[in-house]
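Right, one structure below, let's go through it.
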Amino acid sequence: MITLKTEREISLMHEAGKLLASCHREIAKRIKPGVTTLEIDRFVEQFLAENGATPEQKGYKGYQFATCASVNDEICHGFPRKTELKEGDIVTIDMVVNLNGALADSAWTYAVGEISDKSKTLLEVTKNALDKGIEQALIGNRLGDIGHAIQSYVEPQGFSVVREFTGHGIGPTMHEPPQILHYGPAGKGLRLKEGMVITIEPMINEGVWQSKMDDNGWTARTMDGKLSAQYEHTLAITKNGPLILTEQ
Ligand code: MF3
Ligand code: CO
């Protein structure tokens, strides 16, 4: 069932989201060649604890970490690990923050040191794709308008949109209906209503959109081994337009 959130619920989720945004700003300072994603994961857990919050992903369906850390051809749900990041890598850090029972979900792709022009373009297009989706998150629009805005922006530039993973409603639990597809026709699907809180989180690939699953049963990577990037915000549908909860 799709639940509509009260102003009070949205403001509590916004507090969780602001904390998440400040955590991402701290991560940005720490990502550099030689750092491991396990160190970043430990930092996140400690940072959240110091701020009275918990990492909602840890323990979710048996997931072991505070963050997902997806490097280069990993699309999502990469495990933090002891391998050092190296110059030219891209890494997506995704997390869900629980602050006093209110959740917020946001992912960001970071450049490790100096990255190639191609990687820079992928990051730029992926961030713009998120913004194009958010622009459509208006009362009365349909879910398909979000997906269409993203797909029709991304594909003409030669990149592709991952289909197996979607955005989602979010509330007291991390994943609620509806699913938010990042592709598809405009004008179709559910109408957006005031009080819905959703994530938009396009995963954009340099090559084909298809993915394959690692043996760990979690990590998805691109079928062709090319790069994948992702930006994700949690946002509320309001009378004044989309309210992004995971930035200040
Ligand atoms: N944060 C992810 C999302 O965007 C969920 C990760 S699954 C988990 O929906 F198991 F790692 F939590
Ligand atoms: Co999400």
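The values are calculated or read from the model by the stated rules, or taken from the named source; none is laboratory data. No experiment lies behind these values; they were computed from the predicted model shown. Please note: Cβ atoms are built from the backbone with ideal geometry, for glycine as well, and neighbour counts cover all protein chains shown. Ligands, DNA and RNA are stripped out before the accessible areas are found, and what is left, the full protein with its side chains, is counted by its heavy atoms. Shrake-Rupley method; radii C 1.70, N 1.55, O 1.52, S 1.80 Å.
Taken over region 46-73, residues that are assigned to a strand (DSSP E or B) and within 16 Å of ligand 2 (Cβ to nearest atom) amount to 4. Number of residues in region 90-103 that are of a type in the set (A, V, I, L, M, F, W, C) and either closer than 18 Å to F43 by Cα or at pLDDT below 95 (or both): the value is 6.
If the condition is being under 26 Å from V125 (Cβ atoms), open to solvent by less than 40 Å² (accessible area, probe 1.4 Å) and over 18 Å from the mean Cα position of the chain (by Cα), then region 169-211 contributes G184, L192, G207.
If you go through region 37-79 and keep only what is open to solvent by 10 Å² or more (accessible area, probe 1.4 Å) and among the polar types (S, T, N, Q), you end up with Q46, N51, T54, Q57, Q64, N72.
Quickly run through region 89-134 and pick out the residues that are assigned to a strand (DSSP E or B), touching a strand residue (DSSP E or B) at 6+ places or on another chain (Cβ under 8 Å) and not β-branched (V, I, T).
D94, M95, N98, L99, L103, A104, D105, S106, A107, W108, Y110, A111
Only a single item in (1) within 16 Å of ligand 2 (Cβ to nearest atom); (2) aromatic (F, W, Y); (3) open to solvent by less than 50 Å² (accessible area, probe 1.4 Å) is not met by Y110, and it is number (1). Selection of first residues in region 146-161 that are in contact (Cβ under 8 Å) with a residue 40 or more places away in the chain and of second residues that are among the polar types (S, T, N, Q) and outside any strand (DSSP E or B), restricted to Cβ pairs under 6 Å at least 6 apart or on distinct chains, gives the following pairs, ordered by first then second residue: I146/Q136; V161/Q151.
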